[in-house]
Amino acid sequence: MAYQQLKEELIAYSKEIGIDQIGFTSADTFSELKARLEEQQALGYASGFEKGTIAERTEPKRLMPGAESIIAIALAYPTKIKNDRKSVKGDRRGMFARASWGTDYHIVLKEKLDKLVTFLAERVPGFESRSMVDTGELSDRAVAERAGIGFSGKNTFIISPEYGTYTYLGEIITNIPFTPDEPLGDGCGTCTKCIDACPTGALVEAGRLNAQQCLAFLTQTKGYMPDEHRDKLGNFIYGYETCQVVCPYNRGVDFHNHEEFEPDPDLVKPRLVDLLDISNREFKEKFGKMAGSWRGKKPLQRNAILALAHYKETSAVDQLIALMKEDPRPVIRGTAAWALGKIGEDHGFRAIKEAMQNEADTEVIKEMEKGLQFEQKSEV
Ligand code: SF4
């Protein structure tokens, strides 16, 4: 079987179905990654969202015994919003990071990968494959790097010379021995902009991320936001992207190649106060198709409260008082109490003191005490 010709036909087909980049690599073990993941784990830098064991994440043949090659794909996503919404005093808006705009990329990439699988299955008897996007065991970034989609930046993203870091990645393990493509060389050189710009020091060194300190990761947790990071998010309610925005390879990059990824301005920059009392049903209807809804509404509501505190949005005080007094979720009550203190209105402080009399949760009470400390500071 002339696999070279098949490869060329597949590349041509990938363009037809709107895949922006395609590359090929072997199914050999990702040895360097294996060593790096072991170190990450030992240092406590992993996010906890990873799937599978380190062996499964780095040895494709464990995932598919007949594996011979891996096909990597990339789809570019937009970075600018048409008909953007302004966030102004009295009508503050939150922000979803660009990587979560539009229809959930897992769905869109899976459709493209399925088409490639069908194309190959129709041409190769005994074809076997296993596809994954983000939530699979393999590291999309390690595969894309070795398949020549882009180089691995110091910000840990795959940087494509054409699309920068603004791409979604996916891959198919196959039993076809496609000729591998060449990886690109390092492109960062002496630049350290992403490391310098990270507000939490989560990029501990070039290409090494401590996920536990990464704001993008922390926007997705369900507990309290660590005190020291509460005011660093600005108005981001899902994800964070400073290490991408400052990268020179992203300058001017804004591709609108896929209708599915077009951002709806009212969804990717939602009114913060509207999120505070959104019902489960409305949340699902509005945000259910976005990648940023995968952890449910609670982390987004917690982050919306923090964003209102960041803006010191006095018009939200009454709603925050209601949340602090009535919300059944301690993290929301506690975060609202802290936010009321940060905003610093007198009736907010009075409400914290009143609510404290009836609060039974010790963590919420601690947050109320933290909120009241802002009053003491303002009196000094
Ligand atoms: Fe590399 Fe500079 Fe981009 Fe960081 S900001 S990924 S160091 S080019």
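Just so you know, all these numbers are worked out from the coordinates, no wet-lab data involved. Every value quoted in this text rests on a predicted model; they were computed, and no experiment measured them. Cβ placement follows ideal geometry from the backbone for every residue including glycine, while neighbour counts extend to all protein chains displayed.
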Open item on the list: Can you compute the equivalent ellipsoid semi-axes for region 148-292, i.e. the square root of 5 times each eigenvalue of the Cα gyration tensor, sorted largest first and rounded to whole Å?
Closed with: 30, 22, 15
Open item on the list: Suppose we look only past 20 Å in the calculated P(r) of region 52-189. What percent of the Cα-Cα pairs does that tail hold?
Closed with: 54
- [ ] Would you grab the residues whose amide H sits under 5 Å from the one on S47? Only those 5+ places off in sequence or on another chain, please, with H modelled 1.01 Å from N.
- [x] none
Task: Debye intensity ratio I(q)/I(0), log10, the chain, q values 0.11 Å⁻¹ (C-alpha model) - done: -0.82
Open item on the list: In whole Hz and in residue order, list the ³J(HN,Hα) couplings for region 163-173 that follow from phi through the Karplus curve 6.51 cos²θ - 1.76 cosθ + 1.60, θ = phi - 60°; x for Gly and Pro.
Closed with: 9, x, 8, 8, 9, 9, 10, x, 8, 10, 7
Task: Exposed GluC sites (Glu not before Pro) absent - longest run of the chain, DSSP non-H/G/I/E/B, at most 14 other C-beta within 10 Å - done: 163-380
Open item on the list: Run the helix sum for the chain: -39,500 (n - 2.57) per DSSP H stretch of 4+ residues, divided by residue count, reported at 222 nm to the nearest 500 deg cm²/dmol.
Closed with: -12000 deg cm²/dmol
Open item on the list: Modelling each spin label as a point 7 Å along the Cα-to-Cβ direction, I'd like the D227/D28 distance in nm, to one decimal.
Closed with: 5.1
Task: Normalised contact order of region 154-271, rounded percent, pairs of Cα under 8 Å and 6 or more residues apart - done: 31
TODO: Could you check the simple spin-label distance between K82 and T118, using points 7 Å along Cα→Cβ, in nm with one decimal?
DONE: 2.8
Task: Rg over Rh, two decimals, region 203-265 (C-alpha only, Kirkwood Rh) - done: 1.02
Open item on the list: Which residue fluctuates most in the GNM of the chain (Cα springs below 10 Å): Y224, Y166, Y240?
Closed with: Y224
Task: Over the chain, relative contact order from alpha-carbon pairs under 8 Å, at least 6 apart, % - done: 19
TODO: Taking only Cα atoms and a 10 Å spring cutoff, compute GNM fluctuations for the chain and point out the largest among D346, D134, D231.
DONE: D346
- [ ] Mind scanning K193/K312; K82/K154; K34/K222; K80/K269; K34/K61; K112/K284 and naming the pairs with a C-alpha gap bigger than 19 Å?
- [x] K193/K312; K82/K154; K34/K222; K112/K284
Task: q = 0.13, 0.15 Å⁻¹, region 258-360: log10 I(q)/I(0) [Debye, one scatterer per Cα] - done: -0.49, -0.62
Open item on the list: With a 10 Å cut-off between alpha carbons and a GNM built on the chain, which of V245, V133, V204 moves the most?
Closed with: V204
Task: At 0.890 mPa s and 25 °C, Stokes diffusion of region 130-180 via Kirkwood alpha-carbon radius, µm² per second - done: 212
- [ ] Go through the chain and flag any cysteine with no other cysteine's C-beta closer than 4.7 Å, please.
- [x] C188, C191, C198, C214, C247
TODO: Subtracting the Cα-Cα distance from 0.36 nm times the residue separation, let me have the gained length for T192 to K298 in nm, one decimal.
DONE: 34.7 nm
